[in-house]
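Please treat every number below as a calculation from the coordinates, not as lab data. All figures in this text were calculated on a predicted structure; none of them were measured in a lab. Every residue, glycine among them, receives a Cβ derived from its backbone with ideal geometry; neighbour counts consider all protein chains shown.
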Amino acid sequence: MLSALVLFVVLAATPQSAQVVAVHDGDTITVRLDGHTEKIRLVGIDSPELQDERSAYRDAGYAARNYARMRLGGELVTLEIEPDQPDRDRYGRLLRYVVMDDGTNINEELVRKGYARVYDKFKFTLKPRFKASEAEAKREKLGVWTLPPGPFRDTPTKR
């Protein structure tokens, strides 16, 4: 019993290779992993919503999705866990860092290029590094840092 638990913990912590099959928005993708598909929520970032009623925010959401599609579409990536987060979010998506073949952490790249902001609501080990990338994007006034003032998440209420 103990050896099975140890094996489970080791396998869960091991980075996994996966192929990106869909990019839903700037912080959610679907990958083919071990013969099945899994939705992945990119750890530590939050991109604008595609359904935002404010056109500038919605446009920023589409820009984030399009950039992520350009970078990730069809690519073989490495999924890395975040030890300070659960394995899945409340929607059942795996919570992961997505790392390209060249070592680029896409989560951080999206922040650095202004397509997403650091998701401060949650604890994660790379937050200091992500905050430095966010400060760079703010200084350069990239992407989300050009949006008019207002709440970052504003989506239509169900009628």
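For Glu53, indicate whether it is surrounded by 14 or more Cβ atoms within 10 Å (Cβ to Cβ) and acidic (Asp, Glu). Give the derivation first.
Details: surrounded by 14 or more Cβ atoms within 10 Å (Cβ to Cβ): no; acidic (Asp, Glu): yes.
Taking the combined requirement at face value, the residue does not satisfy it.
Between Asp59, Asp102, which is out of contact with any Phe, Trp or Tyr (no Cβ under 7 Å at 6 or more places or on another chain) and assigned to a loop (DSSP other than H, G, I, E, B)? Step through it out loud before you land on a result.
Values: Asp59 fails: assigned to a loop (DSSP other than H, G, I, E, B).
One residue alone meets the criteria, Asp102.
For every residue, the table says whether it meets (1) without any contact (Cβ under 8 Å) to a residue 40 or more places away in the chain; (2) not β-branched (Val, Ile, Thr).
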residue: Glu82; (1), (2): no, yes
residue: Arg93; (1), (2): no, yes
residue: Ile106; (1), (2): no, no
residue: Tyr115; (1), (2): no, yes
residue: Val118; (1), (2): no, no
residue: Glu136; (1), (2): yes, yes
residue: Pro151; (1), (2): yes, yes
